[in-house]
Amino acid sequence: MNQPASQVAGDAALHPELLGMLACPRDRQALRQDGDRLLCPDGHIYAIVEGIPILLVPDVEQTHIEGTRSLLVAESGAALPQFNVGPGEIDPFVRNAIGATNGGLYQHLVGTLTEYPIPHLRLPAGEGRLFLEIGCNWGRWCISAARAGYRAVGIDPSLKSIRAAIRVCRQLGIAAEFVVGDGRYLPFRDEIFDQIFSYSTLQHLSREHVAQALSEARRVMRPGASALIQMPNVFGIRCLYHQIRRGFRDGRDFEVRYWKPGELLSVFSERIGPSELSVDGYFSLNPQVSDLHLFPARYRALVRASEGLRRVGRSVPILRRVADSLYVSSRKAV
Ligand SMILES: [Zn+2]
């Protein structure tokens with residue numbers, strides 16, 4: 001994947017390796033490229049926009065308004081605004097989206113960002129293994145995965161986000177593949193990925209849709225493959241505060257859904273395989289230690305406290321119960 005297909009303009013052929021991974025999100029049959037379209041043997045047709053396959057299922061309700069927008073662009077074939085980002089500049093999408101995509105502690109960086117905040121991935125070195133991120137937005141975790149030696153593939157329902165991810169990767173010299181898709185209907189063949197990753201994404205879906213996305217994750221995982229998925233804890237200190245503010249009613253639309261640790265273990269074990277929980281962090285969903293230098297002093301103290309608690313929490317179970325952000329690690333049986 002040294003020459004990412006998604007960086008090829010117009011209706012040029014998709015990279016054979018990417019095409020070999022793709023499948024119809026409705027019926028999982030292999031797809032064939034015909035100019036700027038992908039065709040399924042059963043007549044399902046998907047547009048390729050600027051070299052990006054748009055593999056959303058149009059006849060279901062989208063999880064995010066940006067999914068609906070991506071479909072409209074694919075259908076209309078309208079010209080898209082072009083951005084020229086110079087060396088050392090921050091992509092305008094990332095500059096504006098940073099508060100929403102990385103959490104509240106990044107709000108002050110909207111418009112003032114001077115570097116891309118690329119987080120540290122809590123996974124072993126990739127050694128060429130195939131990595132799929134569900135809900136990749138502008139690609140920060142895929143970039144981290146590519147740097148750690150994974151062959152990274154990101155999906156997101158937002159064409160705007162995927163276009164930004166491709167621009168940022170091009171700027172940073174990162175080879176990764178990106179596809180517009182929906183976690184509930186993964187547009188990939190069975191049993192191809194070694195590592196699934198998702199951060200701050202499934203928390204926005206209903207329990208039913210999370211279960212559906214996990215079953216899909218299992219389908220595309222090779223036997224013995226792993227998934228690492230971040231989720232919010234209903235008993236987290238900061239999470240409790242947010243639930244009080246909304247009167248403990250269930251989340252709706254794109255609001256965060258809070259999960260009990262036992263509930264997470266049971267759904268992930270049932271849908272993927274043996275699962276365990278670890279702490280991602282406290283007080284927030286969730287700043288990255290690798291971004292410490294980007295925060296003002298008061299936030300740095302908070303992030304350091306979170307990291308301290310995470311370390312102590314390894315030997316103090318009660319602390320783990322009040323962590324706000326959890327990782328669920330699951331393995332698909334061989
Ligand atoms: Zn089909």
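For this structure, a couple of remarks:
- Shape metrics for the chain, restricted to C-alpha atoms - Rg then Dmax, Å: 19.3, 58
- Solvent exposure ordering (accessible area, 1.4 Å, most first) of L172, L264: L172, L264
- Accessible surface of Y116 - all protein chains present, 1.4 Å probe, nearest 10 Å²: 20 Å²
- Modelled FRET efficiency - R0 22 Å, E270 with E61, Cβ distances, 0.05 increments: 0.35
- Dipole of region 202-334, positive end: most advanced residue of L214, H293, Y241 [Cβ charges, Cα centre]: H293
- Think of it this way: in the chain, C136, C142, C169, C239 stand alone, with no other Cys Cβ under 4.7 Å.
- A Gaussian network model of the chain, with springs between Cα atoms under 10 Å, assigns the largest mean-square fluctuation among E216, E61, E50 to E61.
- Charging the Cβ of each Asp and Glu at -1 and of each Lys and Arg at +1, and nothing else, the dipole of region 124-168 about its Cα centre rounds to 180 debye.
- Gaussian network model of the chain, Cα within-10 Å springs - most flexible of S315, S284, S215: S315
- Between region 190-218 and region 30-84, the alpha-carbon center distance in angstrom: 21 Å
- Scattering curve values for region 49-174, log₁₀ I(q)/I(0), Debye with Cα scatterers, q = 0.10, 0.23 Å⁻¹: -0.33, -1.43
- Residue-count net charge about Q82 - beta-carbon cut-off 12 Å; Lys, Arg +1, Asp, Glu -1: +1
- Per-pair calculated FRET efficiency, R0 = 22 Å: R207 and R298 via Cβ, rounded to 0.05: 0.05
- Over region 152-277: Rg over Rh, Cα atoms, Kirkwood Rh: 1.00
- Taking 0.36 nm per residue of separation and subtracting the Cα-Cα distance, full extension of the segment from H242 to D42 would add 67.4 nm.
- Heavy-atom accessible surface of region 194-241: percent carbon and sulfur, 1.4 Å: 56 percent
- Based on protein heavy atoms only, region 275-334 ends up with 50 Å² per residue of surface accessible to a 1.4 Å probe.
- Loop-located trypsin sites (Lys or Arg not before Pro) in region 178-258 (DSSP state other than H, G, I, E, B) with a sparse environment of at most 10 neighbouring Cβ atoms within 10 Å: R249, R252.
- Two-decimal ratio, region 211-334, of alpha-carbon radius of gyration to 2.2 N^0.38 Å: 1.14
- Dividing the alpha-carbon radius of gyration of region 190-232 by the rule-of-thumb value 2.2 N^0.38 Å gives 1.13.
- Pairwise FRET efficiency - S315 versus E75, Cβ, R0 = 41 Å, nearest 0.05: 0.15
- The residues of region 35-126 expose, per residue, 51 Å² of accessible area to a 1.4 Å probe.
- Region 79-150 - Rg over Rh from alpha carbon coordinates, Kirkwood radius: 1.01
- Rounded to the nearest 500, the helix-only mean residue ellipticity at 222 nm of the chain stands at -9500 deg cm²/dmol, with each DSSP H run of n ≥ 4 adding -39,500 (n - 2.57).
- Here the chain is assigned +1 on the Cβ of each Lys and Arg and -1 on the Cβ of each Asp and Glu. Its dipole about the Cα centre then comes out at about 1340 debye.
- Taking every DSSP beta bridge that has both ends in the chain, the antiparallel portion is near 55%.
- Here region 285-334 is treated with +1 on each Lys and Arg Cβ and -1 on each Asp and Glu Cβ, and its dipole about the Cα centre works out to around 220 debye.
- Springs between Cα atoms under 10 Å define the GNM used for the chain, and in it the highest mean-square fluctuation of Y299, Y46, Y258 occurs at Y299.
The values are calculated or read from the model by the stated rules, or taken from the named source; none is laboratory data. It should be emphasised that the depicted structure is a prediction, and the values quoted were computed from it without experimental measurement. In this analysis, Cβ positions are derived from the backbone assuming ideal geometry, glycine residues included, and neighbour counts consider all displayed protein chains. What goes into the accessible areas is simple: the full protein's heavy atoms, side chains included, and nothing from ligands, DNA or RNA. Shrake-Rupley method; radii C 1.70, N 1.55, O 1.52, S 1.80 Å.
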